[in-house]
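In what follows, a single structure is set out as structure tokens and then discussed.
The values are calculated or read from the model by the stated rules, or taken from the named source; none is laboratory data. On a predicted model such as this, the values are computed, not experimentally measured, just so you know. Using ideal geometry, Cβ is built from the backbone for each residue, glycine included, and neighbour counts are taken over all protein chains shown.
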Amino acid sequence: MTVYTDLKPNFPNPEDWTLAAVLRIHAADTPNASCLLAPEEDVEFSYAEALLDAEKIAGSWDTAGAKRGDRVVIMALNSSRLVLSWWATAVGGTVQVPVNTNYEGEFLRHQLDVVNARWAVIDDAFAQRFVALGDKARGIEKFWVIDNGQLDAALATLRDNGFAAAAWDELRSGEPLEAPAPRADELGAIFFTSGTTGPSKGVAMPHSQLYFFAQSVVSLTRLTADDRYLTTTPLFHGNAQFMAVFPALVAGASAVIRPKFSASRWIDHVRDSGVTVTNFVGVMMDFAWKQAPRPDDLDNKLRCIYAAPIASTIVEEFKARYGIEAFVNAFGLTETSAPILSPYGVDIPPGAAGLQATDWFDIRLVDPETDREVAVGEVGELVVRPIAPWTCSMGYYGMPEKTVEAWRNLWFHTGDALRRDADGWFYFVDRYKDALRRRGENISSYEVEQVVLAHPAVVECAVIGVPADVEAGEDEVLAAIVVREEVDPAELLAFCDGRIPAFARPRFVRVVGELPKTPSEKVRKSVLRDEGITPDTFDATAPATAPAGAH
């Protein structure tokens, strides 16, 4: 069985597995090297400059009364000020709590309640959301507000309602904090899950795990100090933080942050900043591919893309169009880091996520009812446990019962259905709650979605099961789609023929204006299931109907 053996830490001593240690080592060795670029702000920081700002911010918090281990809520759009605030928590020993910028009301209240934060860094546009919570936000002793054009109004709103607030820029006037860096095994951040089936859970991540996640991406992408890594995904997500920006730090490279992903300007952003490595999440790869080709598409320095998932039907053409050396993939969770990785430059079987990193993780595929291992080739729930200490999460913050439930039988239960082939490649099949069964056959909604998304008219797709109208039929397959132009559902289903098994071919197609999503942009399939077959849903077994139009 083939396994992944390329993961060798840049910093051999596990005591250095903290962002503070990495930043200080690079600031000492290569102080003038480029560390962070934010093109929209027209700013660039060297390693020495970034460290000094982080230490000043941490010093300001210390003067305000912040203690080691205090939670600092950070709710802001992508900016260098967000990044420096994050790094200040890592240097000063406070705990970063990134909050989704879409959150308000009960979603925001729940997270504040779970972490009991004393301090907050927010964009000026979000001040009213905290004020609206009233006493439920009173645990926050002071806000530092990032100026995006509404600073005075935001400060007035907070102060008029009894909150202490100051401009974020004041943080940079503090004396650099002189204090021991946090240990690798100390809590570094709390990242919240989406909470699709209940209240979101805060994943307690030690500094060592945050480093190790980043180190995995350094290995995946062969990142070096000569690289520039672009991220366009929100920095309140782990994808941008410990799978893009932090890997750049580990390698001594430069991180490039943009406010958001733009399919039409993606290659311009790559070219303008001399980007050599970037990542795609979800349908971003497909969105970029569907842009009209340009004669200068090859005029870039891009070497490697980490894509989760890799759109296997277009990957070779994508590489040729933009001159990309390698696509890489991985499979992991915030709770576990990435135990499954794909080797650089190796042909990845279509749909495969990668190979087991056997030096660092034990993993199994088990029957979710019995926890007994399934045979090679069979679908089972992925369970994980670390070999090295502090490379997985500490559990769910403030939710011991959920922690015990997830770590049943001393393995972390991911809830993800995967299979492994005889060569050792792992394939994501589905979330168990999203799995479908039709005519006795198991169907991966993910695999059906990938085929539907390959249709040029389809922008987004979510596949669900709806009750069958025949005995023992179990599920019928419904594809809910967002389209960019009018599409004939019958033609769309014909497009699926030969690309997926007949038993997995959708019977129903429903065109929607948008898919229901959680605040972290995961599709809420439970909403689609509740809506079921609506009057405007196309049924392949019914008489022909008129084409469905784009909403």
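Exactly one residue among Val131, Val97 is at negative phi and either under 25 Å from the mean Cα position of the chain (by Cα) or not in a helix (DSSP H, G or I) (or both), and that residue is Val97. A single entry from Val97, Val3, Val22 fulfils the requirement of being at pLDDT 95 or above, closer than 16 Å to Val121 by Cα and either surrounded by 23 or more Cβ atoms within 10 Å (Cβ to Cβ) or assigned by TED's automatic domain parsing to the domain that holds Tyr396 (or both): Val97.
Screening Gly65 with (1) closer than 25 Å to Asn239 by Cβ; (2) touching a residue at least 40 places away in the same chain (Cβ under 8 Å); (3) outside the structural domain of Phe426 (by TED's automatic domain parsing) gives one miss only, at (1).
In region 240-265, the qualifying residues are those that are free of Cβ contacts under 8 Å to residues at least 60 places away in the same chain and not small (Gly, Ala, Ser), and the one that is nearest to Arg81 (Cα to Cα) is Phe242.
Residue-wise test of (1) surrounded by 15 or more Cβ atoms within 10 Å (Cβ to Cβ); (2) modelled with pLDDT of 95 or more; (3) more than 18 Å from the chain's Cα centre (by Cα).
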site	(1), (2), (3)
Ala164	no, yes, yes
Ala167	yes, yes, yes
Glu170	no, yes, yes
Ala181	yes, no, yes
Thr196	yes, no, no
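Select from region 335-359 the residues that are within 30 Å of Tyr396 (Cα to Cα) and either of a type outside the set (S, T, N, Q) or at pLDDT below 95 (or both) and list them in ascending order. Answer for region 335-359, where residues must be within 30 Å of Tyr396 (Cα to Cα) and either of a type outside the set (S, T, N, Q) or at pLDDT below 95 (or both): Glu335, Ala338, Pro339, Ile340, Leu341, Ala352, Ala353, Gly354, Leu355, Ala357, Asp359.
Within region 468-480, one or more residues are modelled with pLDDT under 95, closer than 17 Å to Asp539 by Cα and among the β-branched types (Val, Ile, Thr). Taken together, Asp135, Asp124 contain a single residue that is farther than 16 Å from Phe236 by Cβ, in the same structural domain as Gly59 (by TED's automatic domain parsing), free of Cβ contacts under 8 Å to residues at least 24 places away in the same chain and not small (Gly, Ala, Ser), which is Asp135. Of the helices (runs of 4 or more DSSP H) lying entirely inside region 202-295, not one carries at least 1 residues that are more than 23 Å from Tyr47 (Cβ to Cβ), within 13 Å of the chain's Cα centre (by Cα) and among the hydroxyl-bearing types (Ser, Thr, Tyr). Scan region 393-410 for residues that are under 13 Å from Gly202 (Cα atoms) and part of a loop (DSSP other than H, G, I, E, B) and jot them down. Those that are under 13 Å from Gly202 (Cα atoms) and part of a loop (DSSP other than H, G, I, E, B): Ser393, Met394, Tyr397, Gly398, Met399. Against the test of being modelled with pLDDT under 95 and either aromatic (Phe, Trp, Tyr) or closer than 20 Å to Ser216 by Cβ (or both), the options Ile314, Ile310 yield a single qualifying residue, Ile310.
Determine whether Asp367 is touching a helix residue (DSSP H, G or I) at 6+ places or on another chain (Cβ under 8 Å), charged (D, E, K, R) and farther than 27 Å from Ala307 by Cβ. Spelling it out, it is not the case that Asp367 is touching a helix residue (DSSP H, G or I) at 6+ places or on another chain (Cβ under 8 Å), charged (D, E, K, R) and farther than 27 Å from Ala307 by Cβ.
Each row is one residue, and each column tells you yes or no for (1) of a type in the set (D, E, K, R); (2) out of contact with any Gly (no Cβ under 8 Å at 6 or more places or on another chain).
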position: Asp42; (1), (2): yes, yes
position: Phe45; (1), (2): no, yes
position: Asp62; (1), (2): yes, no
position: Lys67; (1), (2): yes, yes
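Quick check, is Ala388 in a loop (DSSP other than H, G, I, E, B), at pLDDT below 90 and among the small types (Gly, Ala, Ser)? It is false that Ala388 is in a loop (DSSP other than H, G, I, E, B), at pLDDT below 90 and among the small types (Gly, Ala, Ser). In the set Ala406, Ala417, only one residue is small (Gly, Ala, Ser) and free of Cβ contacts under 8 Å to residues at least 60 places away in the same chain; that residue is Ala417.
Would you check which residues across region 367-376 are touching a residue at least 40 places away in the same chain (Cβ under 8 Å) and either crowded, with 16+ Cβ neighbours inside 10 Å or over 29 Å from Lys8 (Cβ atoms) (or both) and list them?
Across region 367-376, the qualifying residues are Pro368, Asp371.
Being among the acidic types (Asp, Glu), free of Cβ contacts under 8 Å to residues at least 40 places away in the same chain and not assigned by TED's automatic domain parsing to the domain that holds Gln96 is true for just one of Asp226, Asp268, Asp286, Asp272. Which residue is that? Exactly one of Asp226, Asp268, Asp286, Asp272 is among the acidic types (Asp, Glu), free of Cβ contacts under 8 Å to residues at least 40 places away in the same chain and not assigned by TED's automatic domain parsing to the domain that holds Gln96, namely Asp268. Can you tell me which residues in region 100-137 are crowded, with 19+ Cβ neighbours inside 10 Å and acidic (Asp, Glu)? Across region 100-137, the qualifying residues are Asp123, Asp124.
The single residue among Phe412, Phe428 that is touching a residue at least 60 places away in the same chain (Cβ under 8 Å) and either among the hydroxyl-bearing types (Ser, Thr, Tyr) or in contact with a Cys (Cβ under 8 Å, 6 or more places away or on another chain) (or both) turns out to be Phe412.
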